[in-house]
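A.B. asks: Once you've had a glance at the structure underneath, I'll fire off some questions.
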Amino acid sequence: MRALPRPLERLRRELTVPQLDIPEGRWINLPGRGRTWLIESGASDAPALILLHAVGCTGALTWFPVMAALSERYRVITFDQRWHGRGIMSDRFAVSDCADDVAAVIAALHLEQPIIAGYSMGGVIAQRTWRQHPTRVGGLVLAATTSHFRGAPAEMAFHQGMELGMRAVHLFSRLSVARAAAGRTARALNVPPTETGQWALAQWNSTSPLAIGQAVASLGRHNSRPWLTKVDVPTAVVVTTKDRVIPPERQRDMAWRIPGATVHETPCGHAACVLEADAFVPTFTAAVDSVRLRLPSRQQAGHPAQR
C-alpha cells in the first residue's frame, strides 16, 4: 500500500475528535441581511459570549469541544458565517460584511456588549466587529489569528493567486476538482466511522471550496495594524505556539499592539480547537475568563435577556 505523505500521516495519527455534545440550533433572521444557523447554550442571564469560527468550518465544527465548559458560566452563542455551512448567501464574501453580521446578531438577540471571541478567520472578524461597531463590543478574545496577512512574498503570492483564481477558473470545474480532492483526503485520513467523526466530515463538506477561496482572498486584504492601538475593550490573545499557518511571533505582535491585552499560550498547532482540544480548551476558557474579569461589574454578572 502506498504510504501517505508525511503531513497527512502525522494528521491521521493525531485525529482524535472529541465527543459530540452540541445543543440544537435554530434559524435566525437578520433583517436586511438574510438568515443563518445559530446555536445557543447556557443561562440567558449569564454574560454573553459570541464565538466566531475558522475559515472553511461552521460554528459547531470549530467550537463544539469548548461549548460545554463555557456554558457553565456564559451564555454561549455561535453561528455560521456567510458562505459557510448554513450561513448567509450573498453576491460576495467580505470580512467587513461578516463583522456587520455579528452586529446584526447582537441586535437580534438584544445583547448588551458581549464578549466576541474568534478563531483564525473568526479572530479577524472579531477585530473588524470592534472597528466597525465599537459600542456593541464588550471585550475580545483572539485565538490563533493575526493582524495582517501578505507579510512575506510567498503569502502575497498565495493570496493574490486566490483572488485571480476565483475570477479565472470556471466554477463547476473548480468545485468538482476540489470536492474530489477533499474526498480523497478524508479517505486517506481514515476519518473514524463514528457519529462524531462522520458529523465532523459532513460539517466540513457543508462549505464549498469556492467559499473557502473567497474567504481566503478577503482575509488576504485584512490589515488591522494601523488601528489596533485604539482598541479600548479588555482583550485576550490565545497564541498557538506550534502554529505553522499563522506564526506565533505574528500572533504575539498582534497582542503587543493592543493596549492591555493579555497573552495565553498553548503548545498547539493551527487546528488546536478540535484536534488538540485537551490542551486548547483550558487555555481558551482562561482567556475568556480574564476578559470577563476586566469588564464592568454589571457585565461580569450578566443580566436578564431583553426580549
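A.B. asks: Looking for something open to solvent by 10 Å² or more (accessible area, probe 1.4 Å), modelled with pLDDT of 95 or more and assigned to a loop (DSSP other than H, G, I, E, B) - is there at least one such residue anywhere in the range 63-74?
C.D. replies: Within the range 63-74 (the criterion being open to solvent by 10 Å² or more (accessible area, probe 1.4 Å), modelled with pLDDT of 95 or more and assigned to a loop (DSSP other than H, G, I, E, B)), the answer is yes, since at least one residue qualifies.
A.B. asks: Now for a different question. Could you count how many residues in the range 114-130 are open to solvent by 10 Å² or more (accessible area, probe 1.4 Å) and hydroxyl-bearing (S, T, Y)?
C.D. replies: 1
A.B. asks: For V238, state whether it is within 15 Å of the chain's Cα centre (by Cα), crowded, with 19+ Cβ neighbours inside 10 Å and closer than 28 Å to Q132 by Cα.
C.D. replies: In short, yes.
A.B. asks: Among the residues that make up the range 212-221, is at least one of them under 18 Å from the mean Cα position of the chain (by Cα), modelled with pLDDT under 95 and among the charged types (D, E, K, R)?
C.D. replies: Yes, because at least one residue in the range 212-221 is under 18 Å from the mean Cα position of the chain (by Cα), modelled with pLDDT under 95 and among the charged types (D, E, K, R).
A.B. asks: When the residues of the range 1-47 are narrowed to those that are modelled with pLDDT of 95 or more and of a type in the set (A, V, I, L, M), which ends up farthest from A69 (Cα to Cα)?
C.D. replies: L30
A.B. asks: Taking only pairs six or more apart or across chains, which ones have beta-carbon atoms under 6 Å, a first residue in the range 285-305 that is part of a helix (DSSP H, G or I) and of a type in the set (V, I, T), and a second residue that is open to solvent by less than 20 Å² (accessible area, probe 1.4 Å) and at pLDDT 75 or above?
C.D. replies: Within 6 Å, the pairs are V288/V141; V291/I115; V291/G139; V291/V141; V291/A236.
A.B. asks: What are the pairs, 6+ residues apart or on separate chains, where a residue within the range 37-52 that is part of a loop (DSSP other than H, G, I, E, B) has its Cβ under 8 Å from a residue that is hydroxyl-bearing (S, T, Y) and open to solvent by 20 Å² or more (accessible area, probe 1.4 Å)?
C.D. replies: If the second residue must be hydroxyl-bearing (S, T, Y) and open to solvent by 20 Å² or more (accessible area, probe 1.4 Å), the pairs left are G42/S71.
A.B. asks: Of the residues in the range 85-112, how many are closer than 14 Å to A211 by Cβ and touching a helix residue (DSSP H, G or I) at 6+ places or on another chain (Cβ under 6 Å)?
C.D. replies: Total meeting the criteria: 4.
Yes/no matrix, rows are residues, columns are (1) over 20 Å from A271 (Cβ atoms); (2) not polar (S, T, N, Q); (3) not in a helix (DSSP H, G or I):
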| site | (1), (2), (3) |
| --- | --- |
| A200 | no, yes, no |
| Q203 | no, no, no |
| T207 | no, no, yes |
| V216 | no, yes, no |
| R225 | yes, yes, yes |
| D232 | yes, yes, yes |
| V239 | no, yes, yes |
| R244 | no, yes, yes |
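A.B. asks: Let me ask you something else. Restricting the search to the range 84-106, which residues are in contact (Cβ under 8 Å) with a residue 12 or more places away in the chain, open to solvent by 30 Å² or more (accessible area, probe 1.4 Å) and part of a loop (DSSP other than H, G, I, E, B)?
C.D. replies: Within the range 84-106, R86, M89, S90, R92 meet the criteria.
A.B. asks: Next up: Assess whether V263 counts as being at pLDDT 95 or above and open to solvent by less than 30 Å² (accessible area, probe 1.4 Å).
C.D. replies: No; evaluated as a whole, the condition is false for this residue.
The values are calculated or read from the model by the stated rules, or taken from the named source; none is laboratory data. Remember, predicted model here, so these are calculated numbers, not experimental data. Note: ideal-geometry Cβ built from the backbone for every residue, glycine included; neighbour counts use all protein chains shown. Note: accessible area is taken over every heavy atom of the protein model, side chains too, but ligands, DNA and RNA are not part of it. Shrake-Rupley method; radii C 1.70, N 1.55, O 1.52, S 1.80 Å.
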